[in-house]
Amino acid sequence: MQMNTPRRSTIRLTRRGRVALVATGAVVAVTAVAVPLLIVGGEEAPRASLVIPEGWRAGQVYRAVDKALALPAGATRKSLAKAHLKLPDDAAGNPEGYLFPATYPVDEKATPESLLRFMVDTADKRFHGNPITAGAQRNAMDVYQVVTTASIVQAEAATKADMAKVARVIFNRLQQGMPLQMDSTLNYALNRSTLNTTASDTKLKSPYNSYERMGLPPTPIANPGGDAMRAAINPTPGDWLYFVTVKPGDTRFTASFEEHQRNVAEFNRNNRASGASAPSSSS
């Protein structure tokens, strides 16, 4: 996350876009993953399963389903209209955020429509009921806004421990009428995952440009897991407005722009020392 002053330059503050665009093999042994296995009723475990990691975007999920079912590229995306997904009205038919991360059974009867419905129905059960609904009401939000917030938390937080702090930064910025200025929303608009955001990127004409547009983006930017959802309804108390991961395992949150600038300067020094490409100054 960044905060710009009138003198803008590039500064990398987002941490978790990194594997979001790397779609690895989707059909794996059940024992090889940590996400839950969802089996209908008392059926025996299928020969194969489809793994949807936390933080994947809808496009990655579609490609994984295509691969799992040995379908032509783009087949799952084209099947959306036939899937009749039970999505909230605010989603306007876009399942982003509701393709729940888990391990899904794949058998000879599986179709793109059935797998997508399974994911959305699972999300509906997890999201629309206590404690998520109660948490949304407590924070003067609806569930769709919670899912959207959680998707940003999922993308921005370097660790599970940071998630509730990132959520608090989002809440504080919204409450103070500040733009979110989250690199993850720009990455979503540009369909990429990058460690650097340029000044020209922040001028992008998109409803997902949280540098120029106020409030949350119009949809979730990924499919969040349970930890991110819990963080979005239970943000850690604090006055933070800025954060930057100075080095792995060292994410610093602050309410002071001056302190944030010092943290960013340290981030830049660390990147120069490691030979990584990084911005040279704070903005």
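The values are calculated or read from the model by the stated rules, or taken from the named source; none is laboratory data. Being a predicted model, the structure only gives us computed values, none of them experimental. All Cβ positions, even for glycine, are placed from backbone atoms using ideal geometry, and neighbour counts span all protein chains on display. Quick note on the areas: whole protein, heavy atoms, side chains included, nothing else; ligands and nucleic acids left out. Shrake-Rupley method; radii C 1.70, N 1.55, O 1.52, S 1.80 Å.
Got at least one residue in the range 135-158 being surrounded by fewer than 16 Cβ atoms within 10 Å (Cβ to Cβ), hydroxyl-bearing (Ser, Thr, Tyr) and farther than 17 Å from Ile52 by Cα?
No, the range 135-158 contains no residue that is surrounded by fewer than 16 Cβ atoms within 10 Å (Cβ to Cβ), hydroxyl-bearing (Ser, Thr, Tyr) and farther than 17 Å from Ile52 by Cα.
If only one of Asp142, Asp121, Asp89, Asp162 is within 28 Å of Thr245 (Cβ to Cβ), among the acidic types (Asp, Glu) and either modelled with pLDDT of 95 or more or within 15 Å of the chain's Cα centre (by Cα) (or both), which one is it? Walk me through how you get there before you give the answer.
Values: Asp142 fails: within 28 Å of Thr245 (Cβ to Cβ); Asp121 fails: within 28 Å of Thr245 (Cβ to Cβ); Asp89 fails: within 28 Å of Thr245 (Cβ to Cβ).
It is Asp162.
In the range 62-82, how many residues are closer than 22 Å to Tyr188 by Cβ and in contact with an Asp or Glu (Cβ under 9 Å, 6 or more places away or on another chain)?
The qualifying residues number 5.
Counting only residues that are within 17 Å of Val146 (Cβ to Cβ), of a type outside the set (Ser, Thr, Tyr), without any contact (Cβ under 8 Å) to a residue 60 or more places away in the chain and open to solvent by less than 30 Å² (accessible area, probe 1.4 Å), how many does the range 172-192 have? Let's see the steps before the verdict.
First, the residues of the range 172-192 that are within 17 Å of Val146 (Cβ to Cβ): 172-175, 180, 182, 184-185.
From the residues that got through so far, the ones that are of a type outside the set (Ser, Thr, Tyr) too are 172-175, 180, 182.
Of the ones still in play, those that are also without any contact (Cβ under 8 Å) to a residue 60 or more places away in the chain are 174-175.
Then drop every residue that is not open to solvent by less than 30 Å² (accessible area, probe 1.4 Å), which leaves none.
So the answer is 0.
Within the range 71-118, can you find the residues that are aromatic (Phe, Trp, Tyr) and not in a loop (DSSP other than H, G, I, E, B)? Let's see the steps before the verdict.
Filtering the range 71-118 down to residues aromatic (Phe, Trp, Tyr) leaves 98, 100, 104, 118.
Of everything in the range 71-118, those that are aromatic (Phe, Trp, Tyr) and not in a loop (DSSP other than H, G, I, E, B) turn out to be Tyr104, Phe118.
The conditions are (1) more than 23 Å from Ile52 (Cβ to Cβ); (2) surrounded by fewer than 16 Cβ atoms within 10 Å (Cβ to Cβ); (3) in contact (Cβ under 8 Å) with a residue 12 or more places away in the chain, and Arg168 fails exactly one of them. Which is it?
It fails just one condition, (2).
Conditions tested, residue by residue: (1) under 25 Å from Pro53 (Cβ atoms); (2) in a loop (DSSP other than H, G, I, E, B); (3) open to solvent by less than 10 Å² (accessible area, probe 1.4 Å); (4) not small (Gly, Ala, Ser).
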residue	(1), (2), (3), (4)
Thr194	yes, yes, no, yes
Thr198	no, yes, no, yes
Lys205	no, yes, no, yes
Met214	no, yes, no, yes
Gly238	no, yes, no, no
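Of everything in the range 93-125 that's without any contact (Cβ under 8 Å) to a residue 12 or more places away in the chain and not polar (S, T, N, Q), which residue is surrounded by the fewest Cβ atoms within 10 Å (Cβ to Cβ)? Explain how you work it out, then say what you get.
If we filter the range 93-125 for residues that are without any contact (Cβ under 8 Å) to a residue 12 or more places away in the chain, which is where we start, we get 108-109, 114, 125.
Then drop every residue that is not not polar (S, T, N, Q), which leaves 108-109, 125.
Working: Glu108: 6, Lys109: 8, Lys125: 10.
My answer is Glu108.
Can you tell me which residue among Arg269, Arg173 is of a type in the set (Lys, Arg) and under 23 Å from the mean Cα position of the chain (by Cα)?
Values: Arg269 fails: under 23 Å from the mean Cα position of the chain (by Cα).
The conditions single out Arg173.
Scan the helices (runs of 4 or more DSSP H) fully inside the range 127-187 and keep the ones with 3 or more residues being β-branched (Val, Ile, Thr).
Numbers: elements: 132-138, 143-156, 163-175.
Where helices (runs of 4 or more DSSP H) fall fully within the range 127-187 and carry at least 3 residues being β-branched (Val, Ile, Thr), they are 143-156, 163-175.
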